[in-house]
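Single-structure report; data block below.
The values are calculated or read from the model by the stated rules, or taken from the named source; none is laboratory data. Given the structure is predicted, the values throughout are model-derived calculations rather than measurements. Here Cβ is always computed from backbone atoms with ideal geometry, including for glycine, and neighbour counts include all displayed protein chains.
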Amino acid sequence: MSGKYEQRDKEVILVVDDNRITCEVIQRNLEIEKFLVFTAHSVNDAIQILSRQKIDLVITDYKMPKHSGLELIKYVRDHLQSISIIMLTGYGSINSAVSAIKEGADEYITKPFTDEELLNAVKTSLQKQKEKKTDPEMLYNDVWARFGIMGQSEKMLGVYSKIEKACSNDAIVLITGENGTGKELVARAIHYNHKARSIYPFIPVNCPGIPASLFESELFGHVKGAFTGAVEHRKGFFQAAEKGGLFLDEISELPFELQAKLLRVLQEKEIFRVGETQLKKVDVRIIAATNKNLDDLVEKGLFRQDLFFRLNVININIPPLRDRENDIILLAKHFVLKYAKEIGRTEPNFTDRAINALKNYSWPGNVRELENLIHRSLIMNDKDIIDSVDFPDIMKVKIHYNPYLDLSLEDMSKKYIRDVVQQTGGNKAKALEILKIDRKTLLKKIK
């Protein structure tokens, strides 16, 4: 393996060939063209470099000992994104070229090749890669305008990409993530940017908030006289969301006996209202969300596996705020603007200490906790700055100090005895009973 690991200031190419002379010639020619070039003489060496260094283009030989270039192509396509691949083959076989393209190679070159042929293939592959890439800043600005979701971190860009895909079809979406990450916000973004359903109702259902005895009636509706208190026909959430979207929040809390009925509705797109035998067709897009690991619940027998498979068509996992470090300050400033305007006051600035405290905190309550913190800070603080001193103690630096560690054993004994006497209101008899010592020792210690 060769090439120094360094910061990227130019396009990076990895050349993989068991022939060292071939590697050196390609490396020299590409470095003349101002590319940064790494070389590897086996697939294993190539994988090591790929795990440590961001690569734009892989140029690999087809036939190598132990593992072939075709295996490397499969590995890159399964594990990495946005890497162009050029296959080199000296065997003139159309089959090897077809196999390479089928597995994900962008170009192939037959040996022997000229310097010009290699350079043209490299420039073509890299240009295609650039055309595929989206400027994150432009994507973020577009996403904020369309979805109303804040965040520029790489993980959030992945979330936006999945939202885009979910907006273009009617597939069931399962949104996963911790409490406070914004699952309903994502669900609303999907619904209100759908090409056909956005003009119809979006009905959010908080599954834990519905008593188990009323769940079926709430979801599917009931007819008059179906049960005590059913004094009229009533539509359920499915019918209320007709042609629109039904958001089943915390789907993991759905009673087990109802999961089979929900599965049937998702499969057949038909419901029975409670007390009725006639089927009714429903046209509803389902978006579900959970803060729990449904795989674990399936293993424990608390959630139906077939329902999980039916729900898990498009899975969007929202990262916790602690994994979105670059977004924390962006969100904090957004909430300052929002609540300063709402309260009618000037926008305070964050001190460096406040910024460090925000970045270093683990945010168990995620974005919701951050929003509440900023809202509270603007209400309680009249200053033109927000400082770490304004934050809860849990966010501040702690120094653990035990005052007893500075005392000798004798002094500690005296202090403890005095504390007991004080707690008994000076009642020495009571203190003696607690301490299990004689009166003479007590008097000596409290002098």
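Among the residues of region 267-304, those that are surrounded by fewer than 16 Cβ atoms within 10 Å (Cβ to Cβ) and in contact with a Leu (Cβ under 9 Å, 6 or more places away or on another chain) comprise Glu268, Glu270, Asp296.
Rundown of residues vs (1) modelled with pLDDT of 95 or more; (2) among the small types (Gly, Ala, Ser); (3) closer than 16 Å to Ala289 by Cα; (4) assigned to a strand (DSSP E or B), yes/no style:
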{"position": "Tyr160", "(1), (2), (3), (4)": "no, no, no, no"}
{"position": "Lys165", "(1), (2), (3), (4)": "no, no, no, no"}
{"position": "Leu174", "(1), (2), (3), (4)": "yes, no, yes, yes"}
{"position": "Glu178", "(1), (2), (3), (4)": "yes, no, yes, no"}
{"position": "His191", "(1), (2), (3), (4)": "yes, no, yes, no"}
{"position": "Pro204", "(1), (2), (3), (4)": "yes, no, yes, yes"}
{"position": "Phe215", "(1), (2), (3), (4)": "no, no, no, no"}
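Taken together, the criteria place Ala260 among residues that are surrounded by fewer than 16 Cβ atoms within 10 Å (Cβ to Cβ) and either part of a helix (DSSP H, G or I) or in contact with an Asp or Glu (Cβ under 8 Å, 6 or more places away or on another chain) (or both).
Asp382 passes every criterion in (1) at pLDDT 80 or above; (2) outside any loop (DSSP other than H, G, I, E, B); (3) not β-branched (Val, Ile, Thr) apart from (2).
Across region 132-143, not a single residue is classified as of a type in the set (Ser, Thr, Tyr), over 30 Å from Pro204 (Cα atoms) and at pLDDT 85 or above. Pairs are defined by a Cβ separation below 7 Å, a sequence spacing of at least 6 or placement on different chains, a first member in region 11-30 that is in contact (Cβ under 8 Å) with a residue 12 or more places away in the chain and at negative phi, and a second member that is loosely packed, with under 15 Cβ neighbours inside 10 Å and assigned to a loop (DSSP other than H, G, I, E, B); the pairs so defined are Val12/Lys54; Asp18/Pro65.
Within the bounds of region 213-223, is there any residue that is over 30 Å from Cys167 (Cβ atoms) and exposed (fewer than 14 other Cβ atoms within 10 Å of the Cβ)? Looking through region 213-223, at least one residue is over 30 Å from Cys167 (Cβ atoms) and exposed (fewer than 14 other Cβ atoms within 10 Å of the Cβ). Step by step: first the residues of region 295-324, then only those that are in contact (Cβ under 8 Å) with a residue 60 or more places away in the chain and not in a loop (DSSP other than H, G, I, E, B), then the one that is farthest from the chain's Cα centre (by Cα). Which residue is that? Per the stated criteria, the residue is Arg310. Restricting the first member to region 109-120 and to residues that are without any contact (Cβ under 8 Å) to a residue 40 or more places away in the chain and outside any helix (DSSP H, G or I), and the second to residues that are acidic (Asp, Glu) and exposed (fewer than 14 other Cβ atoms within 10 Å of the Cβ), the beta-carbon pairs closer than 7 Å and six or more apart or on different chains are Ile109/Glu117.
Inclusion of Thr290 among residues that are more than 21 Å from Asp390 (Cβ to Cβ) and either free of Cβ contacts under 8 Å to residues at least 60 places away in the same chain or assigned by TED's automatic domain parsing to the domain that holds Leu262 (or both) is warranted.
For region 278-294, filtering for residues that are assigned to a loop (DSSP other than H, G, I, E, B), among the charged types (D, E, K, R) and under 16 Å from Ile251 (Cα atoms) leaves 1.
Residue-by-condition table, conditions (1) part of a helix (DSSP H, G or I); (2) at pLDDT 85 or above:
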residue: Lys338; (1), (2): yes, yes
residue: Glu347; (1), (2): no, yes
residue: Asn372; (1), (2): yes, yes
residue: Lys398; (1), (2): no, no
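Any residue at all in region 56-65 that is more than 17 Å from Tyr108 (Cβ to Cβ) and modelled with pLDDT of 90 or more? So far as region 56-65 goes, yes, one or more of its residues are more than 17 Å from Tyr108 (Cβ to Cβ) and modelled with pLDDT of 90 or more.
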